[in-house]
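For reference, the structure is listed below as structure tokens.
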Amino acid sequence: MRDKFVYSPWIALAPAMIILMVLLGASLFYAIAESVGYISTIGQAEVSLEAYRNVLTQNNEFWISLAFSLWISVAATAISSVIALVLAIWLSRHNSHADTLALNWNLAFPHLVWSVALLLFLAQSGLFARWAASLGWIDMPSQFPVLVRDRYGIGIILSYIGKEVPFLTIIILAVLRSQAVGYDVVAENLGASRWQRLRYVTIPQVMPALIAGDLLVFGFIFSSYEVPALLGVGYPRALPALALRFFLDPDLRARSEGMVMSLIITVIVVVVALVSLKIGERQQ
């Protein structure tokens, strides 16, 4: 009994957990304090909910940015899920480590590096535009379709798709290749068609893991700043980019509204993470 207590994983993780909880707790306390108007750097100590009222009732750009962030997150997650599901099913029929290596190779690139590469290729002054002009498909590079830094977030969505498809594919592959019995083969021997095997066998097997992965991807995209800042436009902005604009405002009192937006982002991401965790526990 004593040995089990000494070597408990919770005891081993306690130092790291304490440090994380202190850092996160201090940051959260600081964010809440500034969101209610307590800004010590300028000597403002009066507590009020004015920043919340300004953001939620008077700032129309907040709601536009929230809708824009939701559009980017939902679209990128949904498209990535479909592509990852198709790719994983195809790869599951080929028991090779080369495909996993290719997927991990993509994951090694940070999102910012991937976005810079996408900007160099897809911008109207980028490589694809110049190649299209040199081949005579368009008269000049400026006629190339606007795929990055566009008001619909196409470039942002494409960037996240390129990064999240490998992540979701690996999750689905892990489920498909961990089955003790070839259920797909058994269903085929029982006379099930390819569509029936996909609908009644494969998709139910991977759906819990895929939904949990989708929620994690959604939360990451929704709270991410660097890709929307690089590939987005000034209006509409993604919500994290809009929050940063308030942090960089010369008027330090505007930081309260930036903190309100950051707290809203945090609440949404935490809820999504908890739902993902619940789905993962049910899968086990």
Q: For the stretch 121-164, enumerate the residues that are over 22 Å from the mean Cα position of the chain (by Cα), part of a helix (DSSP H, G or I) and modelled with pLDDT of 85 or more.
A: Phe121, Leu127, Phe128, Ala129, Arg130, Trp131, Ala132, Ala133, Ser134, Gln143
Q: Please work out which residue is nearest to Gln205 (Cα to Cα), limiting yourself to the stretch 232-284 and to residues that are outside any helix (DSSP H, G or I) and among the small types (Gly, Ala, Ser).
A: Ala238
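Report the residue count in the stretch 17-47 for those that are among the β-branched types (Val, Ile, Thr) and not in a helix (DSSP H, G or I).
Kept after step one, since they are among the β-branched types (Val, Ile, Thr), are these residues of the stretch 17-47: 18-19, 22, 32, 36, 39, 41-42, 47.
Restricting the remaining residues to those that are not in a helix (DSSP H, G or I) gives 36, 39, 47.
Residues that pass the stated criteria total 3.
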Q) Can you find even one residue in the stretch 201-221 that is touching a residue at least 60 places away in the same chain (Cβ under 8 Å), assigned to a helix (DSSP H, G or I), surrounded by 19 or more Cβ atoms within 10 Å (Cβ to Cβ) and more than 23 Å from the chain's Cα centre (by Cα)? A) yes
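One line per residue, one yes/no per condition, for (1) crowded, with 16+ Cβ neighbours inside 10 Å; (2) over 17 Å from Leu112 (Cα atoms):
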site	(1), (2)
Val227	yes, no
Leu230	yes, no
Gly234	no, yes
Ala241	yes, no
Asp249	no, yes
Arg255	yes, yes
Gly258	yes, yes
Ile265	yes, yes
Val272	yes, yes
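Can you find a residue in the stretch 183-205 that is within 30 Å of Leu119 (Cα to Cα) and out of contact with any strand residue (DSSP E or B) (no Cβ under 6 Å at 6 or more places or on another chain)? It would help to see each step written out before you state the result.
Filtering the stretch 183-205 down to residues within 30 Å of Leu119 (Cα to Cα) leaves none.
No, that holds for no residue.
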**Q.** Close pairs from the stretch 9-27: first closer than 24 Å to Ser262 by Cβ, partner modelled with pLDDT of 80 or more, Cβ under 9 Å, at least 6 apart
**A.** none
(Q) Between a residue in the stretch 38-62 that is within 30 Å of Pro236 (Cα to Cα) and of a type outside the set (Val, Ile, Thr) and any residue that is at pLDDT below 85 and assigned to a helix (DSSP H, G or I), which pairs come within a Cβ distance under 6 Å, given they are 6 or more apart or on different chains? (A) Ala51/Ser35
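The values are calculated or read from the model by the stated rules, or taken from the named source; none is laboratory data. On a predicted model such as this, the values are computed, not experimentally measured, just so you know. Here the Cβ is made from the backbone with ideal geometry for all residues, glycine too, and neighbour counts use every protein chain on show.
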